[in-house]
Each structure stands twice: as C-alpha cells, then as structure tokens.
1. When only residues in the stretch 24-49 that are over 29 Å from T135 (Cα atoms) and not small (G, A, S) count, which is surrounded by the most Cβ atoms within 10 Å (Cβ to Cβ)?
2. Take the residues in the stretch 58-73 that are charged (D, E, K, R) and not in a loop (DSSP other than H, G, I, E, B), then tell me which one is surrounded by the fewest Cβ atoms within 10 Å (Cβ to Cβ).
3. Any idea how many residues of the stretch 2-30 are over 10 Å from the mean Cα position of the chain (by Cα), closer than 15 Å to V83 by Cα and not small (G, A, S)?
4. Only one of these conditions is not met by T47: (1) closer than 23 Å to N15 by Cα; (2) modelled with pLDDT under 80; (3) β-branched (V, I, T). Which number is it?
5. Taking A86 as meeting all but one of (1) within 12 Å of the chain's Cα centre (by Cα); (2) at pLDDT below 60; (3) small (G, A, S), write down the number of the exception.
Amino acid sequence: MSEITTSILSILSNNTPIKSAVKKRIYTSIADQKAQLPYIVMTEISTEFTSYTMAVSDHQRSLVQVDVYADSSSDVESISNDVIKALSIQRGVYGLRSIVSSTPEIARRLDETSTLNDGEKPVRRNSIDFSISHTKV
C-alpha cells in the first residue's frame with residue numbers, strides 16, 4: 001500500500017461520522033466478497049511527481065477514487081458528503097506524507113444502482129475522485 005493510500009485510509013478511518021456509518025469497512029482497491037453494507041472502497045488511480053519550486057522535493061499529485069456503497073440513496077449520499085468533508089479540509093501530516101491540498105472532482109460523481117450478485121438486492125454507489133497534493137515528511 002502506498003504512503004498516500006495509508007494516509008487517506010487513516011483520515012477516513014478516524015473520521016467520527018464515517019466510522020459511525022461504515023464501522024471498519026473501508027477497503028483499498030477491492031472490498032471483501034461478503035462485505036456488509038454500507039462500505040467504502042478507495043483506489044489510488046495515479047500519482048505523478050510535480051515540481052512547483054526547487055525548495056520542495058518529492059512533491060506529488062495523486063488522483064484517488066473513493067466509492068461509497070449502500071443499500072439506500074440517502075445513506076450513500078450522506079456517507080459521500082462525509083467523505084467529501086473529511087478529505088476536502090485535511091491539511092497536515094499523516095504517516096509519512098504531508099498533505100498540502102485535497103480537492104474533490106465532483107464531475108465524476110454518480111448515483112448508480114447495480115446488483116453485486118444475481119438475486120441480491122440492488123446496491124447504490126457514488127464515486128468521487130480527489131486530486132491530492134502531498135510531499136514526503
């Protein structure tokens with residue numbers, strides 16, 4: 001698991017409203033096959049090195065996708081809003097990364113109904129992309 005993934009996982013896992021809603025059901029890349037709803041899956045899509053100034057070394061920008069799964073539109077919307085609040089305001093040191101800024105890219109947000117397995121009830125999903133700038137501590 002990358003340093004930024006570990007940092008974001010820490011932020012989400014320690015956020016009181018998120019912890020209350022999903023308990024410990026926050027997964028990286030793929031959820032457990034029999035995960036109980038609601039839950040969150042976060043995936044680091046890409047990371048690129050950037051150089052804004054010569055004074056800052058190891059500056060990176062990561063695109064992270066956070067998917068929220070629940071069995072009702074109201075739950076998926078509420079948890080999605082909690083995720084946006086948690087990651088949009090975070091600035092500081094988390095593990096080995098210092099987060100400089102985190103911006104939600106709401107353009108890809110969606111509320112989609114699907115079934116995970118034939119015969120099971122529908123599952124609602126919101127997908128939110130975050131652009132996160134960070135440096136090594």
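1. Looking at the filtered set, the residue picked out is P38.
2. R61
3. 10
4. (1)
5. If we test A86 against (1) within 12 Å of the chain's Cα centre (by Cα); (2) at pLDDT below 60; (3) small (G, A, S), just (2) comes out false.
The values are calculated or read from the model by the stated rules, or taken from the named source; none is laboratory data. Given the structure is predicted, the values throughout are model-derived calculations rather than measurements. Using ideal geometry, Cβ is built from the backbone for each residue, glycine included, and neighbour counts are taken over all protein chains shown.
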